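These notes are about the structure you will find just below.
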Amino acid sequence: MSATYKVVIQGVKEGQLQDQVVGTLVPLFNRSAEQVRAMLDAPEMLIKRGVDFPTAKKYQEELEKRGCVCVLIPENQQQAPAYAEVHTSMASNPTPIPVLPIQLRGNAIQRPEKVSKPPASDRSSSQDQQANPESHFAFGAKYECGDGVPQDFAKAAMWYRRAASQGHALAQRKLQHPWLDGELKAIKSTPSLSTINGAGFKLYGSSDYDPESESFMTTHYFVFLFIPIFPISRYRVISSDGYSYRFIGKEKLRKADKIHIGIVVAIFLAMIVSGSSH
């Protein structure tokens, strides 16, 4: 008899925003934001049972990619192989809740019902007000996180505002995040933070702290001998230890940063002129 496993969520990964994790799980689990938040607040939550190890591992990888702490529990300790990836430290009987209706399609987890398409922009306001605020919130979360669509903070804010106008509490909290005010732009990839013999790129400074998300603005510099030479761009990031960063989005350089660049260029040109005169 082959070994089978339970897939169990144990909250949110350290450094992840619960609101963003909730947003990615709402359309996946087909649950309301409040229900998903309660799931993540619980000590442990059973997601799937009776699956073989390769299948359970795929569930684990997908849920961890979405920001969850996910463990695999052998359902028969005597039959279970000693995989290093399987965590057996938690109790053998997770919180007794119904198994959520999600399934594997290829290498990704899908829920049986697809989220309906966003309402057309030309629909009447009365039709829009009758729409499900949970659907509006789910669309906002997709655009905020870039889940299946290009990351777009403006569209995320639009959907959150629609949900908030219908009394959706989590959407109202989302709208307090500074990156939804139109100033922050989505990024396709994180910037380099590597240096070689003191030359390369690093982040310096901290401003505009947001206590709700524990994020702040910082400046990406080209450095030489670890001295910031000129600023390249500004990012809103989250960092729990000051060494690793989660990038939320990119913002324009401040006036002071542009003055910094001007001074560096002027010094460089002066050095060239001085060198050519000798």
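The values are calculated or read from the model by the stated rules, or taken from the named source; none is laboratory data. As the structure is a computational prediction, the values presented were derived from the model and not from experiment. Cβ sites come from the backbone with ideal geometry, for glycine too, and all protein chains shown count toward neighbours.
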Margin query: I'd like to check something: does the range 193-203 contain any residue that is more than 18 Å from the chain's Cα centre (by Cα), under 20 Å from Gly146 (Cβ atoms) and surrounded by 12 or more Cβ atoms within 10 Å (Cβ to Cβ)?
Written below: no
Checklist line | Which listed residue, of Val26, Val8, is modelled with pLDDT of 85 or more and either buried (at least 21 other Cβ atoms within 10 Å of the Cβ) or not assigned by TED's automatic domain parsing to the domain that holds Ser215 (or both) | finding: Val8
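Across the range 26-60, what is the total count of residues that are part of a loop (DSSP other than H, G, I, E, B) and either out of contact with any helix residue (DSSP H, G or I) (no Cβ under 6 Å at 6 or more places or on another chain) or of a type in the set (D, E, K, R) (or both)? Talk me through it step by step, then tell me what you get.
Just the residues of the range 26-60 that are part of a loop (DSSP other than H, G, I, E, B), to begin with: 30-32, 42-44, 52.
Going one step further and asking which of them are either out of contact with any helix residue (DSSP H, G or I) (no Cβ under 6 Å at 6 or more places or on another chain) or of a type in the set (D, E, K, R) (or both), we end up with 30-31, 42-44, 52.
Adding up the residues that qualify gives 6.
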Note to self: Looking at the range 157-177 only, could you name the residues that are at pLDDT 85 or above, hydrophobic (A, V, I, L, M, F, W, C) and either surrounded by 23 or more Cβ atoms within 10 Å (Cβ to Cβ) or in contact with a strand residue (DSSP E or B) (Cβ under 8 Å, 6 or more places away or on another chain) (or both)?
What the structure shows: Trp159, Ala163
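Every residue, every condition in (1) part of a strand (DSSP E or B); (2) within 29 Å of Val149 (Cβ to Cβ), yes or no:
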site	(1), (2)
Ala163	no, yes
Ala171	no, yes
Ile187	no, yes
Thr190	no, yes
Ser213	no, yes
Arg234	yes, yes
Gly242	no, no
Margin query: Step by step: first the residues of the range 39-97, then only those that are modelled with pLDDT of 50 or more and of a type in the set (Val, Ile, Thr), then the one that is nearest to Gln16 (Cα to Cα). Which residue is that?
Written below: Val69
